[in-house]
Amino acid sequence: VAKDDGRNRFCYFTRSMQLQAQERLKLRHDLYNALEQQQIQAYFQPIVELNTGRIIKAEALIRWRHPEKGMISPALFIPIAEESGMIKKLGDWMFYESAIRAQYWSRQLGYPFQISVNRSPAQFIADDKDSPWLDYLQQKGMSGRCIVIEITEGLLLNVSPRIKQQLDAYRQAGIQVSIDDFGTGYSSMAYLQKLQVDYLKIDQSFVREMVDNAGSRAIVEAMIVMAHKLGLKVVAEGVETLEQKRMLIASGCDYGQGYLFSPPVPPIEFERLLHIKSRLN
Ligand code: C2E
Ligand code: MG
Ligand code: MG
Ligand code: MG
């Protein structure tokens with residue numbers, strides 16, 4: 001009996017696995033043409049100065065509007081893009097979009113308005129020397145001061161010469177560096193000293209838990225104190241409630257990002273949030 005049962009379950013299991021693999025393969029195939037078919041968009045989410053509520057920066061987040069499936073989460077397709085090598089094309093495109101917006105918005109506002117761009121380890125590996133990102137800035141006569149690169153904690157674990165060389169080149173161009181999702185990986189403050197880093201982004205899981213969980217609150221407070229002592233500014237991710245915001249302000253956190261302020265929005269809407277005239281579509 002158990003054997004039959006097991007076999008049935010096994011069949012069911014493999015069939016669903018096959019579907020998953022097929023699904024992945026289809027997404028991978030569709031992703032190849034997504035950029036040319038204008039299904040890819042850059043959305044922007046405000047990063048707010050907690051004390052004043054002022055929008056002072058933005059994070060660029062990729063969006064894929066699939067013709068049949070609708071919006072597909074980057075959490076789902078970024079890994080596919082990474083393993084298929086498409087991350088380079090998509091990531092470079094996101095950077096160019098972000099640089100153009102950062103330049104335009106800075107000009108409109110009259111001060112440098114920074115946009116954070118995510119860069120995964122696969123993107124560091126794809127660019128063997130200096131990144132085309134710097135060539136792009138130079139070509140367009142743009143300053144790196146309007147760009148922040150977000151890297152994950154994991155990247156700090158073994159900083160290869162290639163990664164170090166790229167990060168040094170970025171910093172030399174005025175680009176700043178932010179550690180994304182801090183607290184989810186090995187989270188060693190010691191690693192922060194190995195590279196020059198400007199911002200620490202506290203992962204949203206801590207922000208979510210800190211209100212009800214004294215332990216999470218203690219961790220958040222400690223991260224903020226240590227980051228400040230190392231000369232970093234702190235961004236809290238996933239701020240959804242006033243309670244969280246109040247607690248973060250009391251803990252000395254500098255900036256917040258989350259649905260409480262705004263979800264990621266298309267450029268036109270972001271310009272509305274900034275109260276600036278829209279020129280680009
Ligand atoms: P991330 O860089 O940590 O981005 C923050 C994520 O949190 C975004 O998810 C954002 O929409 C979401 N978020 C913002 N505020 C809140 C909130 O209050 N509550 C909750 N629950 N979530 C909030 P998204 O846009 O789905 O992106 C997921 C991840 O995909 C990003 O995490 C990043 O790792 C990756 N990603 C997105 N765009 C790019 C890109 O252009 N290049 C690369 N390499 N990775 C990207
Ligand atoms: Mg990020
Ligand atoms: Mg994050
Ligand atoms: Mg994340």
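Quick notes on this structure:
- Amide N proximity, the range 93-123 versus residue 28 label position 7 Å along Cα-to-Cβ, cut-off under 20 Å: 120-123
- Ranked 254, 212, 168, 127, criterion: other C-beta atoms within 10 Å, fewest first: 212, 168, 127, 254
- What the phi angles of the range 48-57 give under the Karplus curve with 6.51, -1.76 and 1.60, with θ = phi - 60°, is a coupling list of 10, 6, 5, 5, 10, x, 6, 6, 10, 8 Hz, glycine and proline written as x.
- Prolate/oblate/rounded call for the range 142-281, Cα gyration tensor, a/c under 1.5 rounded: oblate
- Fewest-first ranking of 52, 152, 241, using other Cβ atoms within 10 Å as the exposure measure: 52, 241, 152
- DSSP H segments from the chain that extend 27 Å or more along their own axis, Cα-based, with Kyte-Doolittle mean of -1.0 or above: 87-109
- Label reach from residue 69 (point 7 Å along Cα→C-beta): in the range 24-49, amide nitrogens under 11 Å belong to 24-31.
- When shorter helices are ignored and each DSSP H run of at least 4 residues is given -39500 (n - 2.57), the per-residue value for the chain at 222 nm works out to -16000 deg cm²/dmol.
- Whole-number percent relative contact order across the chain, with pairs defined as alpha carbons under 8 Å at least 6 apart: 18
Here, each number is a calculation from the coordinates, and none is a lab measurement. From a predicted model like this one, the values you see are computed outputs, not experimental measurements. Quick reminder, even Gly has a Cβ in these numbers, built from the backbone with ideal geometry, and neighbours come from all protein chains shown.
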